[in-house]
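The values are calculated or read from the model by the stated rules, or taken from the named source; none is laboratory data. From a predicted model like this one, the values you see are computed outputs, not experimental measurements. So basically every Cβ, Gly included, is an ideal-geometry build from the backbone, and we count neighbours across all protein chains shown.
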2 protein chains.
Amino acid sequence: MASSGELENHNDCFVKLCNPHVATMKEDVLYHFNLSTTTHDFPAMFGDVKFVCVGGSPSRMKAFIRYVASELGLDRPGVDYPNICAGTDRYAMFKVGPVLSVSHGMGIPSIAIMLHELIKLLYHARCSGVTIIRIGTSGGIGLEPGSVVITRQAVDACFKPEFEQVVLGKRVVRSTDLDEQLAQELMQWSTDLSEFTTVVGNTMCTLDFYEGQGRLDGALCSYTEKDKQEYLRAAYAAGVRNIEMESSVFAAMCSACGLRAAVVCVTLLNRLKGDQISSPHEVLAEYQQRPQRLVGYFIKKCLSMA
Amino acid sequence: MASSGELENHNDCFVKLCNPHVATMKEDVLYHFNLSTTTHDFPAMFGDVKFVCVGGSPSRMKAFIRYVASELGLDRPGVDYPNICAGTDRYAMFKVGPVLSVSHGMGIPSIAIMLHELIKLLYHARCSGVTIIRIGTSGGIGLEPGSVVITRQAVDACFKPEFEQVVLGKRVVRSTDLDEQLAQELMQWSTDLSEFTTVVGNTMCTLDFYEGQGRLDGALCSYTEKDKQEYLRAAYAAGVRNIEMESSVFAAMCSACGLRAAVVCVTLLNRLKGDQISSPHEVLAEYQQRPQRLVGYFIKKCLSMA
């Protein structure tokens, strides 16, 4: 759906760092991956990576690599996908062909550590034309549970498209731009796939799952159902369709480093109707496959057009 | 070391919630533990818990329960410790006698989700007199690697003893008090144990491992070695002896809910001398056992005095 000119431009785009110090380092230890430039040949291991998919749960990211291998016809009977980060339990990483699948745990700090090391990994491997997609779970606002949201803008808990962090004790604000064209492409492939409801909308990224998302069922809560409803309805009015905990720093870091990025999350419940995730296990398991199916389909289509 | 009167007072102290809504719920699903009050008998499973130890890595928390079982003479040949949260890969939980060991992943949001559900679990189980200790890893400032820091105060990236979060779009600031007497007791038991250097000092809690801690080796960095040294030296002057990513919300939530809390972290490197964690695996593995040894010794002494 992108013109061939645009795709060629993206293919020429090397992953870059926003840090002049790394080029001067003799060794780079990616501590939380248990990988190092002196003990591993990054260009040989990862040089062909074109698609990186990330998600919170290690077992879900293992399931994704199996699924995408099968979809791309790259699976072999009896061959499994070893965890490339087997020496640590901080993150899990799997690869098949041009697809890398990495877990990131829950929350902005956890995904940020992973992204710092992942972006350096792609840089050391001299990767170019990389598309990165977060496939996750979220709470929906005003959507049927099981709906998939492709993020237009990642916004903070005040509905602003900003990611604030503290660097050397000072507040720094970064924009949370995602690739608009990629979001539109994913939306069109979802229409083509026609398996579940998909919308493009804003995604609110919070630092907490309970009070930070206006839940009434945490260990601490000092507001009422009415306060909560007002907050969620204000979010809806600001274009927010789902809430999760990683999209803002994901958008900020990927855009700074030349990665074409998207966020595709399924909603596990409608927060206007409740706080607890109490659907049966098999229903939730099927919901969680939806972002995988859409992104698997997208990757297959991209590769067939290349 | 506490007077018997103080211990009795603490033993009478039930875990409490700061949320009136939970008492009105018919069922409480602790989603990220894959436990629910309708499918699990919390008082029977957890009613005898007196010590909760939490740490980032699931495998480290499993190693801890084995170690403490052996120290307390509660291990039986051929009996292993099943993961109580086996139905999910978000967190892992293990129990032996009065000791519960739970993983929390990395960063404030990840430990906050776990603590909301853990505190509700202890409340539903009607636990009283609970002591909770985070046993973790950290970067040290001006200490030999392998030193253990018992946290006096958890401070933010501006060295203030505060935890700021956003609730319904508004900033809320909570204090990060820890139990002073518990920190002193742990310090005295470490002197008694006499196996490694231990200090009591302030712990800086950040939202990021790279830029947020002044590292020069992330994917993004826009400051110099000199800027970094100035920041770390200012932290040292403010009493900070180590840096990690969970202590502030841990202190804020536990003190609000009547849990006697402490943070005991080993330092894996001296940040004044570098950023990368590049010590040999076996050296780091031994360092990581130090908080376990101190806290295991503390629990053994507490139980022998009870």
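Residues checked against (1) in contact with a helix residue (DSSP H, G or I) (Cβ under 8 Å, 6 or more places away or on another chain); (2) small (Gly, Ala, Ser):
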{"site": "B:40", "(1), (2)": "no, no"}
{"site": "B:43", "(1), (2)": "yes, no"}
{"site": "B:46", "(1), (2)": "yes, no"}
{"site": "B:51", "(1), (2)": "yes, no"}
{"site": "B:62", "(1), (2)": "no, no"}
{"site": "B:86", "(1), (2)": "no, yes"}
{"site": "B:98", "(1), (2)": "yes, no"}
{"site": "B:111", "(1), (2)": "yes, no"}
- [ ] Taking only the range A:103-122 into account, find how many residues are more than 13 Å from residue A:254 (Cβ to Cβ) and more than 7 Å from every other protein chain (Cβ to nearest Cβ).
- [x] 3
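From the set of residues in the range A:12-22 that are more than 10 Å from chain B (Cβ to nearest Cβ) and either in a loop (DSSP other than H, G, I, E, B) or under 14 Å from residue A:38 (Cα atoms) (or both), which is modelled with the lowest pLDDT? Spell out the reasoning first.
Going residue by residue through the range A:12-22, those that are more than 10 Å from chain B (Cβ to nearest Cβ) are A:12-14.
Now restrict to residues that are either in a loop (DSSP other than H, G, I, E, B) or under 14 Å from residue A:38 (Cα atoms) (or both): A:12-13.
Details: A:12: 76, A:13: 90.
Applying the filter and picking the extreme gives A:12.
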Task: Yes/no for residue B:155 being within 16 Å of the chain's Cα centre (by Cα), crowded, with 21+ Cβ neighbours inside 10 Å and either closer than 27 Å to residue A:113 by Cβ or within 12 Å of another protein chain (Cβ to nearest Cβ) (or both) - done: yes
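Report, by residue number, each residue of the range B:8-32 that is among the aromatic types (Phe, Trp, Tyr) and farther than 27 Å from residue B:88 by Cα. Can you show your working first?
Of the range B:8-32, the ones among the aromatic types (Phe, Trp, Tyr) are B:14, B:31.
Residue satisfying the conditions is B:14 alone.
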- [ ] Identify all residues within the range A:203-220 that are out of contact with any His (no Cβ under 6 Å at 6 or more places or on another chain) and either more than 19 Å from residue A:268 (Cα to Cα) or assigned to a helix (DSSP H, G or I) (or both); write none if there are none.
- [x] A:211, A:212, A:213, A:220
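Does the range B:251-287 hold any residues that are assigned to a helix (DSSP H, G or I), under 23 Å from residue B:187 (Cβ atoms) and touching a strand residue (DSSP E or B) at 6+ places or on another chain (Cβ under 6 Å), and which are they? Don't jump to the end; show me each part of the working.
Pass one, the range B:251-287, residues assigned to a helix (DSSP H, G or I): B:251-256, B:281-287.
Subset that is under 23 Å from residue B:187 (Cβ atoms): B:251-252, B:254-255, B:286-287.
Result: B:251, B:252, B:254, B:287.
Just the residues that are touching a residue at least 40 places away in the same chain (Cβ under 8 Å), over 17 Å from the mean Cα position of the chain (by Cα) and surrounded by fewer than 19 Cβ atoms within 10 Å (Cβ to Cβ), please, taken from the range B:163-177. Before you say what the answer is, go through the steps one by one.
Of the range B:163-177, the ones touching a residue at least 40 places away in the same chain (Cβ under 8 Å) are B:163, B:165, B:174-177.
Filter once more, keeping what is over 17 Å from the mean Cα position of the chain (by Cα): B:165, B:174.
Listed by number, the list holds a single entry, B:174.
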Open item on the list: among the charged types (D, E, K, R) and closer than 22 Å to residue B:99 by Cα: which single residue out of B:162, B:180, B:144 fits that description?
Closed with: B:180
Open item on the list: If I go through the range B:78-93 residue by residue, how many of them are buried (at least 21 other Cβ atoms within 10 Å of the Cβ) and more than 14 Å from chain A (Cβ to nearest Cβ)?
Closed with: 2
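On the given criteria, is residue B:230 under 24 Å from residue A:32 (Cα atoms), free of Cβ contacts under 8 Å to residues at least 40 places away in the same chain, assigned to a helix (DSSP H, G or I) and not small (Gly, Ala, Ser)? Walk me through how you get there before you give the answer.
On the way: under 24 Å from residue A:32 (Cα atoms): no; free of Cβ contacts under 8 Å to residues at least 40 places away in the same chain: yes; assigned to a helix (DSSP H, G or I): yes; not small (Gly, Ala, Ser): yes.
Spelling it out, it is not the case that residue B:230 is under 24 Å from residue A:32 (Cα atoms), free of Cβ contacts under 8 Å to residues at least 40 places away in the same chain, assigned to a helix (DSSP H, G or I) and not small (Gly, Ala, Ser).
Among B:149, B:200, which is the only one that is assigned to a strand (DSSP E or B) and surrounded by fewer than 24 Cβ atoms within 10 Å (Cβ to Cβ)?
On the way: B:149 fails: surrounded by fewer than 24 Cβ atoms within 10 Å (Cβ to Cβ).
The match here is B:200.
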Task: Failed criterion for residue B:61 (all others in (1) in a loop (DSSP other than H, G, I, E, B); (2) buried (at least 18 other Cβ atoms within 10 Å of the Cβ); (3) within 11 Å of chain A (Cβ to nearest Cβ) hold) - done: (1)
Open item on the list: Let me spell it out: the conditions are (1) surrounded by fewer than 19 Cβ atoms within 10 Å (Cβ to Cβ); (2) within 14 Å of another protein chain (Cβ to nearest Cβ); (3) touching a strand residue (DSSP E or B) at 6+ places or on another chain (Cβ under 6 Å), and residue A:128 meets all of them except one. Which number is the exception?
Closed with: (2)
Open item on the list: Checking the structure you have, find out if any residue of the range A:265-275 is more than 8 Å from chain B (Cβ to nearest Cβ), basic (Lys, Arg) and touching a residue at least 40 places away in the same chain (Cβ under 8 Å).
Closed with: yes
Open item on the list: Just to verify a result, which residue in the range B:25-50, among those that are part of a loop (DSSP other than H, G, I, E, B) and hydrophobic (A, V, I, L, M, F, W, C), is farthest from residue B:299 (Cα to Cα)?
Closed with: B:25
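Applying the selection to the range B:277-287, what residues are buried (at least 18 other Cβ atoms within 10 Å of the Cβ) and of a type outside the set (A, V, I, L, M)?
Our first condition is that a residue be buried (at least 18 other Cβ atoms within 10 Å of the Cβ); within the range B:277-287, this holds for B:284, B:287.
The answer is B:287, and nothing else.
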Task: Looking only at the range A:178-197, and only at residues there that are out of contact with any strand residue (DSSP E or B) (no Cβ under 8 Å at 6 or more places or on another chain) and in a loop (DSSP other than H, G, I, E, B), the one that is surrounded by the fewest Cβ atoms within 10 Å (Cβ to Cβ) - done: A:194
